[in-house]
Amino acid sequence: MRPGLGVAAVALATLVFLVLPIVIVVIMSFSSAASLQFPPPGFSLRWYHSFFGDPRWVRALTTSTLLAFASSIIALVLGSAAAYGIVRGRFPGRGLIDSNFMAPLILPTIVIAVALYLFLAKVGLLGTAAGLVASHVVLSVPFVVLVVGVAIRSFDERIEQVAFTLGASRRQTVLRVLLPNILPSLASAWILALIASFDEVIVTLFVAGTYQTVPKRMFNELVLEVNPTITAIATILIGLSVLAIGAIGLITARRGGLLGTMLGR
Amino acid sequence: MRLRAGVAIYVVPLLVLMLVAFDVPIVLMLAQSVLSPHPTVAHWAELADSPIYLRVLGNTFQVATITAVVCGLIGYPLAYWMRGLRPGMQLVVVTLVLLPFWISILVRTYAWIVVLGNNGIVNRSLMGLGFTDRPVAFLYNQLGVTIGTTNVLLPFLVLPLFAAMLKIDERLLQAAATLGAPRRAIFWRVFFPLSLPAFAAGLVLVFILTLGFYVTPAILGGGRVPMIANMLDVLINTLPRWELAAAISTVLLAATLALYAVYRTIAARAA
């Protein structure tokens, strides 16, 4: 059964509604005008110059990058180990522990932000790098547990058993048999965690103290005024996201793809 | 089996981190609304007695309802249309729907200021075509918040719905057609009921996610559309009234978990 013309019209309009804002931001970032006039009167790179020429933005970019790398690597290591324990283990409470690891995805981020703020203030870690990194790990680790968990589940356990029977230690079994086979999923999980941390704004606003990240600065500027420099940053962030999707697409292309996994096909 | 013995150890490092940096903070926050500075229900009484808090709660539920309905009205036709496309086109459209999914909420919210602002493309077109003399106020009101929230949350409804529609057996529709059912009847009496569980699950999911929204109302509402999350920000960072913030967070947490249970039940039926 094929949908009629009316449905197609609504569908196309909805698709435009989804994608149009992104396209327009990218175009506006190359505008030569200080107002948000569309179409732009001329093209220039002035907003990119104004971004990279402003030490506060560059510092925020450095902080965001360091924070994203630190927290995503911790999330990848801890989350992958946990995924292995949950998928291969047969101990009581596994389901509960798994739900616990997934909870940060389901609870409203603002509730987590309030809870972490109150807690970090109580233990004196509010506004510290340690508190910030720990918060970002909590928020990005569900993606790792989810993606790596799926990969381990679909890897035939008997291959691990063979290695084990042939005298490999568990360490060797995990590091030299399992890990090389799920490398694409590990890479995807790491990229997801990296993006989750790099884009995080709400918890960062609450617990970062004097640390400035790119999203935090963007948010604070946007609440006050509309500054075209933001279009340049937004375009850079869009570019990074597209690169990340492309990378994940390439990495997982051979295995049915992340799209396939997400759509359950 | 020896390979499986002792695997539990691998869970421990993350479990310890989650206990310290997630579970304990959440429990302490819940406790703070009734135990600070000593066991009391005063904070909850204040919450129940203050019309302003109840109004913000009501406002949040209203925005969440409107957003879910709008997402349903435009998301269902999109998913239905995607189902009828050739597989190659399907991949392109799925990628387009997924694209905003990956881009920072901040960027997508900001984009609407560019598009819908007084000097934005929509207002310029409307004025250029002579529909209006003055710019239409799309932003800094409930309309702006609804547009922004719908844009951010639409993929959460469309993608699972599309996946569920793909699983509907084409032969059921053919059977209805062979038996003489007109197109309209085939859709409303065969196709739509089959897609309903996934559709309902998507609507509940959008509703839940809107409840906790912070960034979009803060930017596109211009402080004029207070939602729960923005009120929490004020209670923590401006006033500060931590115990009240803890009580309101508890309400939001309970509402989310209850709705999530509903979502899981419906989604399980859809699968």
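Throughout, read-outs are computed from the coordinates displayed, never taken from laboratory work. What you see is a predicted model, and the numbers here were worked out from it, not measured in a lab. Counting neighbours? That spans all protein chains shown, and the Cβs are built from the backbone with ideal geometry, glycine included.
How are the alpha carbon pair distances in chain B distributed across 10 Å bins from zero to the largest one, expressed in percent?
Answer for chain B: a P(r) of 6, 20, 26, 24, 16, 7, 1, 0 percent.
Distances over 29 Å make up what percent of all Cα-Cα pairs in chain A?
Result for the distance tail: 46 percent.
To one decimal place, what Kirkwood hydrodynamic radius in Å is obtained for the stretch B:204-271 from all pairs of distinct Cα atoms?
Result for the stretch B:204-271 stands at 13.2 Å.
When chain B is treated as a GNM, springs tying every alpha-carbon pair under 10 Å, which of B:R183, B:R83, B:R55 comes out with the largest mean-square fluctuation?
B:R183
Tell me, Kirkwood radius of the stretch A:64-178 from alpha-carbon pair distances, in Å?
Its Kirkwood hydrodynamic radius stands at 15.9 Å.
Can you pull out the trypsin sites (Lys or Arg not before Pro) in the stretch A:1-94 that DSSP calls coil and that have at most 13 other Cβ atoms within 10 Å?
A:R90
Hey, in the GNM for chain B with a 10 angstrom Cα cutoff, which one of B:L54, B:L239, B:L205 fluctuates hardest?
B:L239
Is the stretch B:61-179 best put as rounded, prolate or oblate by its Cα gyration tensor, with a ≥ b ≥ c the root eigenvalues, rounded for a/c under 1.5, and otherwise prolate when a/b is larger than b/c, oblate when not?
prolate
Write down the Kirkwood hydrodynamic radius of the protein assembly as shown, to one decimal in angstroms, obtained as one divided by the mean of 1/r over all alpha carbon pairs.
25.0
So which helices of chain B fit the span-like rule, where a helix is a whole DSSP H run, its Cα atoms reach 15 Å or more along the axis, and its mean Kyte-Doolittle is at least 0.0?
Counting only whole DSSP H runs, the qualifying helices are B:24-35, B:51-83, B:87-102, B:105-116, B:142-166, B:192-211, B:242-270.
Highest GNM mean-square fluctuation, chain A, Cα pairs closer than 10 Å: which of A:G93, A:G246, A:G131?
Between A:G93, A:G246, A:G131, it is A:G93 that shows the largest mean-square fluctuation.
Do you know the relative contact order of the stretch B:56-190, to the nearest whole percent, from alpha carbon pairs under 8 angstrom that are 6+ apart?
Reported as a whole number, the value is 32 percent.
List the DSSP H helices in chain A whose Cα atoms stretch 27 Å or more along the helix axis and whose mean Kyte-Doolittle hydropathy is at least 0.0.
TM-like helix candidates: A:5-28, A:55-88, A:129-153, A:229-252.
Could you tell me what a quarter of the Cα convex hull surface of the stretch A:1-44 works out to, in nm² with one decimal place?
3.9
How high is the relative contact order of chain A, given as a whole-number percent (alpha carbon pairs under 8 Å, six or more residues apart)?
28 percent.
Using a Förster distance of 30 angstrom, determine the FRET efficiency expected from the C-beta separation of B:M89 and B:A181, and round it to 0.05.
0.60
Report D for the stretch B:1-119 in µm² per second (integer): Stokes-Einstein, Kirkwood Rh on Cα pairs, 10 °C, 1.306 mPa s.
77
Three principal axis extents, largest first, for the C-alpha atoms of the stretch A:119-252, in Å?
65, 40, 17
Near A:D54, within a Cβ-to-Cβ distance under 13 Å, what is the net charge of the other residues, with Lys and Arg +1 and Asp and Glu -1?
In short, +3.
To the nearest 20 Debye, how big is the dipole of the stretch B:50-270 about its Cα centre, given +1 on the beta carbon of each Lys and Arg and -1 on that of each Asp and Glu?
The calculation lands at about 500 debye.
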